[in-house]
Amino acid sequence: MRIRIGYELIYDCPQPTPMILTLNVHYSRVPDILIPDHLISAPPVPITAYRDSFGNWCSRIVAPGGVVRLSADALVRDTGLPDVVVPGAKQTPVEALPDETLLFLLGSRYCETDRLSETAWQLFGHSPTGWGRVQAICNFVHHHITFGYQHARATKTAMEVFHERVGVCRDYAHLAVTFCRCMNIPARYCTGYLGDIGVPPPYGPMDFAAWFEAYLDGHWYTFDARNNIPRIGRVLIARGRDASDVAISSTFGPNVLKSFKVWTDEVNVA
């Protein structure tokens, strides 16, 4: 399968504005890239790149005063297979976890493990451990939250999502990640492209998607509390503790995002 992915972001900046952009396909998918997702700026500006502490590719620019258009249009190869499901995957005791997973047991900006730990144990303490427990968390979060773009709020935390019971995909991911960490399961936040491949209509507006990965039995596995079914065609951009680590753009000055478009479409190969 081939998938066309890309975006167009249009900013209006009253003055030159430094930006960090986390928009490139994750390095783990580099072998699948057929047409690179090079960042194009109009008007052109110098672009430098670096890899952050989580291994994500980031770009640095100084957007000029006025309107600037940032875009990319790429083609990637995909297996066409749905997310892997391994019901027998076991939970690893904390004392046996690899050092690099321990960060993803801790609380973070949007995932208040200290405030939700007691609730998590009340809800999931009697559920099966391992895969069954992560799936129980996804089932709960999926039914607990009502989806709606009007409920999006950049500052909303897992605790607030739990009480408000409305949100968007990042809110589902934050609450599920928090509950997993409370139950001693390392969990990390993911963002990327996820289209409607293999899903019956009607289709919603396209956006970047959020899901999460849980560490079980020596592997990181994909889970998606928002959709709560295995999906086809995920293209990872970045991983981190929560959304604060993988913001698509971090701007250091006043600006207005005038337009935002994302696309991810299956391409028929003749």
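Here, each number is a calculation from the coordinates, and none is a lab measurement. None of the values given here were measured: they were computed from a predicted structure. All Cβ positions, even for glycine, are placed from backbone atoms using ideal geometry, and neighbour counts span all protein chains on display.
Worth pointing out:
- When only Cα pairs below 8 angstrom with a gap of at least 6 residues are kept, the range 94-232 shows a relative contact order of 27 percent.
- On full extension, the segment bounded by Leu81 and Ile10 gains 22.2 nm, given 0.36 nm per residue less the C-alpha separation.
- Overall form of the chain per C-alpha gyration tensor (a/c, 1.5; a/b vs b/c): prolate
- Global geometry of the range 52-105, whether rounded, prolate or oblate, following the gyration tensor of its Cα atoms and the 1.5 cut on a/c: oblate
- Degrees between helix 113-124 axis and first principal axis of the chain (Cα, 0 to 90, nearest 10): 50
- Lysines with Cα under 30 Å of Lys156, excluding same-chain neighbours fewer than 8 positions away: Lys258, Lys261
- Mean residue ellipticity at 222 nm, helices only, the chain: -5500 deg cm²/dmol; runs of at least 4 DSSP H residues each add -39,500 (n - 2.57), and the sum is divided by the number of residues.
- Taking label points 7 Å from Cα along the Cα-to-Cβ direction, Ser250 and Trp263 give a separation of 3.1 nm.
- You can think of it this way: the chain between Arg165 and Thr129 has 10.4 nm of extra reach, that is 0.36 nm per residue less the Cα-Cα gap.
- Computed on the range 1-137, the Cα convex hull volume stands at 173 Å³ per residue.
- Protection proxy ranking, highest mean first, for peptides 43-49, 65-71: 65-71, 43-49, where packing is the per-residue count of other beta-carbon atoms within 10 Å, averaged.
- Amide hydrogen neighbours beyond the local backbone of Asn24, cut-off 5 Å, H modeled: none
- Length released on extending from Ala154 to Ile40, taking residue separation times 0.36 nm less the Cα-Cα span: 38.4 nm
- Amide H contacts under 5 Å for Leu216, placed H, 5+ residues apart: Tyr221
- Against the rule of thumb 2.2 N^0.38 Å, how large the Cα Rg of the range 94-232 comes out: 1.01
- The ranking of Asp83, Asp114 by Cβ neighbour count inside 10 Å, starting from the fewest, reads Asp114, Asp83.
- Distance between modelled label sites at Asn184 and Asp114, nm, 7 Å Cα→Cβ extension: 2.1
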